Amino acid sequence: MKKITAPYLKEMKKKGEKITALTAYDATFARILDEAGVEVILVGDSLGMVIQGRETTLQVTLEDVIYHTRAVSRGIKRAHLVADMPFMSYQISPEQALESAGRLIKEGFAEAVKLEGGVERAETIRKITSAGIPVMGHIGLTPQSVHKFGGYRVQGRDEEQARYLLESAKAIEEAGAYALVLESIPWPLAKKITESISIPTIGIGAGKYTDGQILVIYDLLGMDKEFNPRFLKKYADLHTLITEAVGMYIKEVKEEIFPDENHSFEG
Ligand code: KIV
């Protein structure tokens with residue numbers, strides 16, 4: 001079993017091998033995804049929405065991400081573990097960013113960190129990578145800027161935005177990042193960015209021409225029946241499965257079917 005590392009992901013791009021990435025927030029899910037063979041597990045600040053039930057990712061703290069990353073690390077043997085840098089844990093200064101990234105590595109056992117933003121984050125990325133910490137960039141629809149965007153809208157549709165995203169991708173690579181998430185941008189732009197840089201791009205809502213794909217695990221499994229964005233393909237309907245299983249449990253307890261003698265201790 002070969003451990004997946006940041007340099008290995010760069011090799012995958014060179015070989016034209018697609019990268020698969022998913023989020024996880026606890027050891028049980030991490031173990032299942034790791035054993036299934038996914039290359040990258042991200043402890044995303046999406047945990048604010050799918051775990052904490054918030055409207056946005058903005059209230060997630062560094063302590064929250066450290067806690068979940070440490071749990072996820074216990075479930076992983078092979079996958080590359082990336083921790084998201086939450087809102088306001090890296091925007092104040094490159095020094096603050098390095099300190100936060102260091103905590104995610106030392107206390108969370110992450111192997112890399114991810115942060116949002118374009119060309120304006122180059123200095124921060126340089127600072128973190130200079131300490132030997134691999135950084136994954138994230139551009140396009142960056143959820144920590146939801147209020148600036150006025151909602152969760154596709155980015156890079158007009159020429160000016162597209163130019164900014166392409167320049168950002170190049171600046172992020174230049175600053176030393178080893179991979180780049182492209183979120184909710186038109187596929188022709190994602191293709192152009194992917195062809196313009198040598199580090200792997202990992203898309204979500206960015207079409208098929210990126211070097212890899214990432215999804216939030218709860219979305220892939222169909223846990224929320226109300227969440228149906230265009231980019232999402234649900235590979236299971238766990239909402240229905242869980243509702244049916246719990247419904248059966250309730251019925252059997254009420255009707256004194258469960259627990260029967262096979263599920264009880266005699267002496
Ligand atoms: O927080 C998250 O889960 C993410 C991925 C969806 C890219 O940033």
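The values are calculated or read from the model by the stated rules, or taken from the named source; none is laboratory data. Model, not experiment: these values are computed from the prediction. We place every Cβ from the backbone using ideal geometry, glycine too, and count neighbours over all the protein chains shown. Calculation scope for accessible area: heavy atoms of the full protein, side chains included, ligands and nucleic acids excluded. Shrake-Rupley method; radii C 1.70, N 1.55, O 1.52, S 1.80 Å.
Of the residues making up the range 225-250, those that are surrounded by 12 or more Cβ atoms within 10 Å (Cβ to Cβ) and within 18 Å of GLY205 (Cα to Cα) are PHE227, PHE231, LEU232, LYS234. Within the range 29-74, count every residue that is of a type outside the set (Asp, Glu), more than 12 Å from the ligand (Cβ to nearest atom) and touching a strand residue (DSSP E or B) at 6+ places or on another chain (Cβ under 7 Å). Within the range 29-74, residues that are of a type outside the set (Asp, Glu), more than 12 Å from the ligand (Cβ to nearest atom) and touching a strand residue (DSSP E or B) at 6+ places or on another chain (Cβ under 7 Å) number 6.
Keeping to the range 138-155, report how many residues are assigned to a loop (DSSP other than H, G, I, E, B), within 16 Å of the ligand (Cβ to nearest atom) and not polar (S, T, N, Q).
Residues of the range 138-155 assigned to a loop (DSSP other than H, G, I, E, B): 141-142, 150-155.
Filter again for within 16 Å of the ligand (Cβ to nearest atom), leaving 141-142, 152-155.
Retained after the next criterion (residues that are not polar (S, T, N, Q)): 141, 152-154.
So the count comes out to 4.
Only one of the listed residues (GLU252, GLU266) is of a type outside the set (Lys, Arg), modelled with pLDDT under 95, away from the ligand (no atom under 14 Å from the Cβ) and not assigned by TED's automatic domain parsing to the domain that holds VAL82. That residue is GLU266.
When the range 34-67 is limited to residues that are among the aliphatic types (A, V, I, L, M) and free of Cβ contacts under 8 Å to residues at least 12 places away in the same chain, the one that is surrounded by the most Cβ atoms within 10 Å (Cβ to Cβ) turns out to be MET49.
In the set (1) open to solvent by less than 80 Å² (accessible area, probe 1.4 Å); (2) within 16 Å of the ligand (Cβ to nearest atom); (3) touching a helix residue (DSSP H, G or I) at 6+ places or on another chain (Cβ under 6 Å), THR20 fails one condition alone, (3).
A search for C-beta distances below 8 Å between a residue of the range 153-182 that is of a type in the set (A, V, I, L, M, F, W, C) and any residue that is part of a helix (DSSP H, G or I) and open to solvent by 90 Å² or more (accessible area, probe 1.4 Å), counting only pairs 6+ apart in sequence or on different chains, returns LEU166/LYS192; ALA175/GLU123; ALA175/ARG126.
Each row is one residue, and each column tells you yes or no for (1) open to solvent by 60 Å² or more (accessible area, probe 1.4 Å); (2) within 22 Å of LEU104 (Cβ to Cβ); (3) outside the structural domain of PRO94 (by TED's automatic domain parsing).
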residue	(1), (2), (3)
ARG126	yes, yes, no
HIS138	no, yes, no
PRO143	no, yes, no
VAL146	no, no, no
GLY151	no, no, no
GLN155	no, no, no
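Apart from one condition, VAL65 fits all of (1) in contact with a Pro (Cβ under 7 Å, 6 or more places away or on another chain); (2) more than 22 Å from GLU183 (Cα to Cα); (3) not charged (D, E, K, R); the exception is (2). When PHE109 is tested against (1) within 16 Å of the ligand (Cβ to nearest atom); (2) of a type in the set (Phe, Trp, Tyr); (3) in contact with a helix residue (DSSP H, G or I) (Cβ under 6 Å, 6 or more places away or on another chain); (4) open to solvent by 10 Å² or more (accessible area, probe 1.4 Å), only condition (1) is not met.
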